[in-house]
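Right, one structure below, let's go through it.
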Amino acid sequence: MYKMLIVENDNFLKELLTEYFNDSEKYKVVASITDASLAPSICFELGVDVALLDICTDDGNYGGIIAGTKIKRDYPHIKVILMTGIPESNFIAEAHSGKIDSFLYKSDTITNLYNVVEATMAGENIWPEESNQFSRSDISLSNREKEVARLICCNCLTRMEISEQLGISPNSVKTITSRIFVKVGVDNARELMKFMLANDFFIPEE
């Protein structure tokens, strides 16, 4: 079983990732933290095999890149995977310079994230293509879709509750929700909430 370190700024996503990888029975999350500056010492002390690092963490701007670079310099046998919800091209260049093993966007599903970890542990290097970089501007929701998505993600309302609040039928809510799922590329409300959270996709009030 591989020992994994997770560094993630958001506690909800950190717990979600920890639970997912522990349930795989192939990885044991030996530490999950929000401060990337602690990652190199934890890797050494706990004998970590793979580190999954968020780029923007509690220790300051781009702490994941700095920590990942130190880990690869001092412990080159450890696999380091960077993840971010912010599509900035300089991140990839800096990650390459730091000898990082793989890089992905948090807009990917958790299953794809797991597959990237698996491929990296098998010796592959996974990097996003320029054409596949995520941008919030790629997702165009109508005002009604934004309204429904906000009620799902921010208010945690059920279909019936949304129907009553907006004065539309439950079937209309179902249709609108289905369109949102298709546009965002998720299968259910839980995945939608995770996606919005991971990508800082805050839906403004109209």
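The values are calculated or read from the model by the stated rules, or taken from the named source; none is laboratory data. Bear in mind that the values here come from a model prediction, so they are computed numbers and not experimental data. Ideal geometry is used to build each Cβ from the backbone, glycine not excepted, and the neighbour counts take in all protein chains shown.
Side notes on the structure shown:
- Only a single item in (1) touching a residue at least 12 places away in the same chain (Cβ under 8 Å); (2) of a type outside the set (S, T, N, Q); (3) closer than 21 Å to LEU13 by Cβ is not met by LEU141, and it is number (3).
- Failed item in (1) within 20 Å of MET121 (Cβ to Cβ); (2) acidic (Asp, Glu); (3) modelled with pLDDT under 95, with ASP74 passing the rest: (3)
- Within region 1-21, the set of residues being at pLDDT 90 or above and exposed (fewer than 15 other Cβ atoms within 10 Å of the Cβ) comprises MET1, GLU15, GLU19.
- Those residues of region 100-110 which are modelled with pLDDT of 90 or more and part of a loop (DSSP other than H, G, I, E, B), in sequence order: ILE100, ASP101
- Meets criteria (modelled with pLDDT of 85 or more, crowded, with 18+ Cβ neighbours inside 10 Å and touching a Leu at 6+ places or on another chain (Cβ under 6 Å)) for LEU113: no
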